[in-house]
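Below is one structure, written out as structure tokens; the observations come after it.
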Amino acid sequence: MQRTFDVSAVREQFPALDRLHDGRPVVYFDGPGGSQVARPAIEAMRGYMERGGANLHGAFPTSIETEEIIASTRHAMAAFIGAEPDEIAFGANMTTLTFAISRALARGWDENSEIVVTELDHRANVDPWVLAATEKGAKTRWLPVDPETLTLDLSNLEATIDESTKLVAVGLASNAVGTINPVARIAERAREAGALVAVDAVHAAPHIPMNRDALGADILTCSAYKFFGPHVGVTAIRRGLLEELPVYRLDPAPAYIPDKLETGTQNHEGIAGVKGALDFIASLSGGDSPHERLLSAMRTIEEYEDVLAARFRAGLRDIPGVTLYAAPEGVRKTPTVAFRLEGRSPGEVCEHLAGRGYFAAGGDFYASTLAGKLGIRDDGGWVRAGLAPYNTEEEVDGFVEALEMLADGGRAAR
Ligand SMILES: Cc1ncc(COP(=O)(O)O)c(C=O)c1O
């Protein structure tokens, strides 16, 4: 059952929307850098700490409850992405988890091994793999991005991924320009070649429904602070692979899955908050199974955000001096919009917008390979304005107006 999207009800779930900046309501367009946190996530974290926390493996209630909370978050995360609870491991963030996984996997690589990364990805899904490969004398190959269409150029896919390829690392969506990649197609080629697929779902997770198996991901990693939760990283690793993975682990620490990947004491209150964030998402729709319910909720979010993003992109396109960096019509995208304004650095644009209550960030957002290829990396990168389900049409129109003022002012001054 899909429900209509009630943005006012959604907004009530985000206490940070009450914030004022210089007397104006704050408009958060910085979701791709980290969304605001939903009330159920905040309450779950507060509840955990107020009731009394503990470490694991104790025979007393706070320890037992902590284990129950972690188990229930593993279930919810598994339902979110279509994996199994014992395939879900937590960590500090996506980058730290990816460093740990890459170092473990690379123990089986040598000079005859190759890995494939992309020019469109956030460097967190590039550098950990490249560094681990380089240490083993393995070679890195790159899937190029087409700078005109801002999509991956797959014309050479068959030749790039071959029997030497051990791993293909690809993002589900670009955190800079929003392009959603044809991950299933890339994964199919990887599977033919016998390579593993690591999917960076950090940017995609708050915007589109995901199913790990449909994507063909062996490893899928995301970060709850992008999907209305706290700063906790999450990975799903296919059971057989996780069982075999020679992780770096302390001798007395658990050797069983998924705990073997979770070095040290985890962020228990944060993990409680992840479950709260998923409860918030699940509340937006219905469905027969927990996975169906979350898929349906994410479909509802995607539909709402698509309409808002189309309005936003159209408004920005009409402003003289604005260059929009977006894949063409027909390419599926997240509602993340990257642009530049002629005659102004991204930093200046963001400052102007912040003065009017619109919070958006400038930079390369670690999509630095793409920024370099487009020739803007050393020139401040982009302004990135990303929509979230708590944003409204009025906010989009207000953002466009605030930018128009700066564009007009710039022209009048010349
Ligand atoms: C697409 C993408 N991948 C990876 C990361 C890194 O995530 P984390 O901050 O959890 O390490 C980010 C963070 O912005 C991102 O947007």
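Only the coordinates and a few stated rules stand behind these numbers; no lab work does. Worth saying up front: this structure is predicted, and the values here are computed from it rather than measured. Every residue, glycine among them, receives a Cβ derived from its backbone with ideal geometry; neighbour counts consider all protein chains shown.
Brief remarks on what is shown
- Note on Thr265 and Ser155: with the Förster distance fixed at 56 Å, the Cβ-Cβ geometry gives a FRET efficiency of about 0.75.
- Expressed to the nearest 5 percent, the antiparallel share of DSSP beta bridges inside segment 42-282 is 45 percent.
- All aspartates and glutamates inside 19 Å of Lys139 as judged from Cα atoms, apart from same-chain residues fewer than 8 positions distant: Asp110, Glu111, Glu114, Glu119, Asp121, Asp127, Glu158, Asp162, Glu163
- Structure note, pairs Lys166/Lys260; Lys136/Lys333; Lys166/Lys275; Lys333/Lys373: Cα-Cα distances above 27 angstrom occur for Lys136/Lys333; Lys166/Lys275.
- The chain: calculated mean residue ellipticity at 222 nm from DSSP helix runs of at least 4, using -39500 (n - 2.57): -12500 deg cm²/dmol
- Exposure proxy shown here: for Cys350, Cys222, the number of other Cβ atoms within 10 Å sets the order, fewest to most, as Cys350, Cys222.
- When Met405, Met94 are arranged by Cβ crowding within 10 Å, least crowded first, meaning fewest neighbours, the order is Met405, Met94.
- Remark: segment 160-172, residue by residue, has Karplus-estimated 3J(HN,Hα) of 6, 9, 9, 5, 7, 6, 8, 8, 10, 10, 9, x, 6 Hz, where x stands for each Gly or Pro and the curve is 6.51 cos²θ - 1.76 cosθ + 1.60 at θ = phi - 60°.
- Cleavage-rule hits (GluC sites (Glu not before Pro)) in segment 1-70: DSSP loop, at most 12 neighbouring Cβ within 10 angstrom: none
- In terms of the mean number of neighbouring beta-carbon atoms within 10 Å, the peptides 248-255, 130-137, 30-37 order highest first as 30-37, 130-137, 248-255.
- Whole-number percent relative contact order across the chain, with pairs defined as alpha carbons under 8 Å at least 6 apart: 23 percent
- Spherically averaged projected area of segment 42-282 from its Cα convex hull (nm²): 12.7 nm²
- FRET efficiency estimate (nearest 0.05) - Cβ-Cβ, Arg299 to Asp162, R0 35 angstrom: 0.45
- Counting other Cβ atoms within 10 Å as a rough exposure proxy, the listed residues His122, His231 run His231, His122 from fewest neighbours to most.
- The chain - Kirkwood radius from inverse mean 1/r over Cα pairs (Å): 22.1 Å
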